[in-house]
There are 2 protein chains.
Amino acid sequence: MIPKSHPRYTSLRTRNLIVKGVKKGIASMDGLIAHGRGEAFDYLLGEKTNEFAEESIGAAAALMLLAKKPVISVNGNTAALAPKELARLSNLVQAPLEVNVFHPSKKRELKIKSHLKKYGAKMVLLPDKNYKIRFLESNRKYASPEGILKADVVFVPLEDGDRAEALIKSGKKVITVDLNPLSRTAQKATITIVDNIVRAMPLLISSIREYRKYDKNKLKEILKNYDNKKFLEESISSLR
Amino acid sequence: MIPKSHPRYTSLRTRNLIVKGVKKGIASMDGLIAHGRGEAFDYLLGEKTNEFAEESIGAAAALMLLAKKPVISVNGNTAALAPKELARLSNLVQAPLEVNVFHPSKKRELKIKSHLKKYGAKMVLLPDKNYKIRFLESNRKYASPEGILKADVVFVPLEDGDRAEALIKSGKKVITVDLNPLSRTAQKATITIVDNIVRAMPLLISSIREYRKYDKNKLKEILKNYDNKKFLEESISSLR
């Protein structure tokens, strides 16, 4: 047990969640390395939710509420770090969770699914080898015909590489959470939340709870006034 | 197999070495996360050996050659990433390798020892529970009475936390390799090489081969002119 008074309590607690995730067969060793990269960027960003991230979270809440068919893409790290919040978000905006992992493993997909269900998720989809996202080669190209393939807005936190780009090319709007504002995913997404998923998810959920009282025009206004490029640039400045 | 033409060939090859190290029981899951942190800093430093690192490598070579009793401290990540170079360095300057891991595991210590021997190491010491480094609490306080405890110079690459500081307080000179110039180890060491161990080790070995032709006064001169604080500051600027 790490004492709550420890200056790095949250960081160490988060790290433990990922290590436990690997032991449970939910997260992968590549996921651990990716987590370490995230830790370094978080450290440089001050390990707090910066103003630029708050702006992106607000825009993400508006986009999730305006979406006709929102879907939440879940990989091993997201499932290990924020299962409860993923379940809550899914139930709140009626967006199915869709499992998607880099290294092909049906066993791991099923473990992630039951992990999410245990935390209260009602709709969890798995990729189907008969259905593919265009412009992608790896195992991550497979998708559910009832989920990402039909989605107009995809929330893909902690995404690595070229999948965000492929989703954008397929005409979808993409929201991501990424601690590295220089990454390809961060650069390509419609809305990039440069923050730790552990801090960002509760804020996104409470923004959605608040914004759900607004009418659609007000939500559209929020989105219209949001400039992802500007906040990406601010986050890069904050890093340096 | 990753093709050599891949733009991230070295980075991916290095990552594979660590993942293999975990599978072999040499590196730990915390080691994987630490490797990810290193990757992020390496990325920000341009994934190359910068001039400040070359200067530190030269000073480290001089200090290793001037040492009366140099010892090389080896953890799971170092053993996984550079076993051949650790063995070469050890044999070149007659410095024993001493295994030291954070989480207590005699099994892992023995695995690291035989891994290093397989790569040509002749002198590999293990910590002895009857001997301790002062000013330390974790498992890393244990040391060999024939190694670190007797050493005047300790080479401790990829060190995490407070051990470098404890060694310094015990009157030893400490050389480290650390991609994060802001880390406590980087800040406390006598000589800090801000570079990837995979790139730094071969350069350190060739510097020692060259400097071994010099007389002691010339080596002392190199050390006298070396300013660790200055190169640390340069590496921090390069990061931002």
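The mean sequence separation of alpha-carbon pairs under 8 Å and at least six residues apart, normalised by the residue count of the range B:19-122, gives a relative contact order of 31 percent. Report the residue, chosen from A:197, A:148, A:168, that carries the largest GNM mean-square fluctuation when chain A is represented by alpha-carbon nodes joined by springs under 10 Å. Between A:197, A:148, A:168, it is A:168 that shows the largest mean-square fluctuation. For the range A:157-240, the fraction of C-alpha pairs more than 15 angstrom apart is 62%.
Averaging the Cα positions of each part gives two centres, and for the range B:70-91 and the range A:97-168 these lie 41 Å apart. Legend: residue pairs A:68/A:213; A:69/A:111; A:69/A:118, Cα-Cα distance threshold 21 Å; pairs beyond threshold, A:69/A:111; A:69/A:118. A Stokes-Einstein calculation at 20 °C with viscosity 1.002 mPa s, built on the Kirkwood radius of the protein assembly as shown over Cα pairs, returns a diffusion coefficient of 89 µm²/s. The charge dipole of chain B, taken about the Cα centre with unit charges on the Cβ atoms of Lys, Arg (+1) and Asp, Glu (-1), comes to about 980 debye, rounded to the nearest 20. Projecting the Cα atoms of A:61, A:123, B:192 onto the charge dipole of the protein assembly as shown, computed from C-beta unit charges around the Cα centre, puts A:123 farthest toward the positive end. Distance to the A-onto-B rotation axis is smallest for one chain A Cβ; residue and value in angstrom are A:36, 1. Each residue of the range B:158-163 was assigned a 3J(HN,Hα) from its phi angle through the Karplus curve 6.51 cos²θ - 1.76 cosθ + 1.60 (θ = phi - 60°); the sequence is 6, 7, 10, x, 9, 6 Hz, with glycine and proline shown as x. Using the Cβ of residue B:211 as centre and a radius below 12 Å, the other residues enclosed give a net charge of +3, where K and R count +1 and D and E count -1.
The other copies place their residue A:233 label points at 3.1 nm from this one, listed shortest first, where each point is 7 Å from Cα along Cα→Cβ.
Taking chain A as a Gaussian network of alpha-carbon nodes connected by springs under 10 Å, the highest mean-square fluctuation of the residues A:226, A:119, A:214 belongs to A:214.
If you take all other residues with their beta carbon under 11 Å from the beta carbon of residue B:13, and give Lys and Arg +1 and Asp and Glu -1, the sum is +4. Starting from the amide H of residue B:98, placed 1.01 Å from N in the peptide plane, find each other amide H under 5 Å away whose residue is 5 or more places distant or on another chain. Long-range HN contacts for residue B:98: B:72, B:73, B:74, B:125. In a DSSP loop and with at most 15 other Cβ atoms within 10 Å, the trypsin sites (Lys or Arg not before Pro) in the range B:16-54 are B:24, B:48. In this assembly of identical copies, the label point of residue B:120 (Cα plus 7 Å along Cα-to-Cβ) is separated from its counterparts by 5.9 nm, sorted shortest first. Here is how far apart the residue B:134 label points are across copies: 7.1 nm, shortest first, using a point 7 Å from Cα toward Cβ.
Near residue A:99, once Lys and Arg are set to +1 and Asp and Glu to -1 for all other residues with Cβ below 9 Å from its Cβ, the sum equals 0. Separation of the alpha carbons by more than 29 angstrom is noted, of B:132/B:224; A:113/A:150; B:20/B:220; B:141/B:224; A:173/A:216, for B:132/B:224; B:20/B:220; B:141/B:224.
Database remark: amide H of residue A:144 closer than 5 angstrom to the amide H of A:128, A:149 (H placed geometrically; neighbours at sequence offset of 5 or more, or on other chains; Pro and chain starts carry no H). Screening chain B for DSSP H helices whose Cα atoms reach 27 Å or more along their own axis and whose mean Kyte hydropathy is at least 1.6 gives nothing.
For a quick check: with amide H placed at 1.01 Å from N, whose amide H comes under 5 Å from residue B:173's, ignoring anything fewer than 5 positions away on the same chain? Residues meeting the criterion, in which the H sits 1.01 Å from N, are B:153, B:154. By definition, a body whose alpha carbon gyration tensor gives a ≥ b ≥ c is rounded when a/c is under 1.5, and chain A falls into this rounded group.
Reported to the nearest whole Å, the Cα centre-to-centre distance from the range A:192-240 to the range B:217-240 is 43.
Only beta bridges with both residues in chain A are counted; by DSSP, about 10 percent of them are antiparallel. Within the listed set A:173, A:230, A:141, the residue fluctuating most in the Gaussian network model of chain A (springs between alpha-carbon atoms under 10 angstrom) is A:230.
In sequence order, the range A:170-185 has phi-based couplings of 7, x, 9, 8, 10, 10, 10, 10, 8, 6, 9, x, 8, 5, 4, 4 Hz under the Karplus curve 6.51 cos²θ - 1.76 cosθ + 1.60, θ = phi - 60°, and Gly or Pro positions carry x.
Any read-out appearing in this document is the output of simple, stated calculations on the displayed coordinates, not a laboratory observation. Remember, predicted model here, so these are calculated numbers, not experimental data. Heads up, the Cβs are rebuilt from the backbone with ideal geometry, glycines too, and the neighbour counts pull from every protein chain shown.
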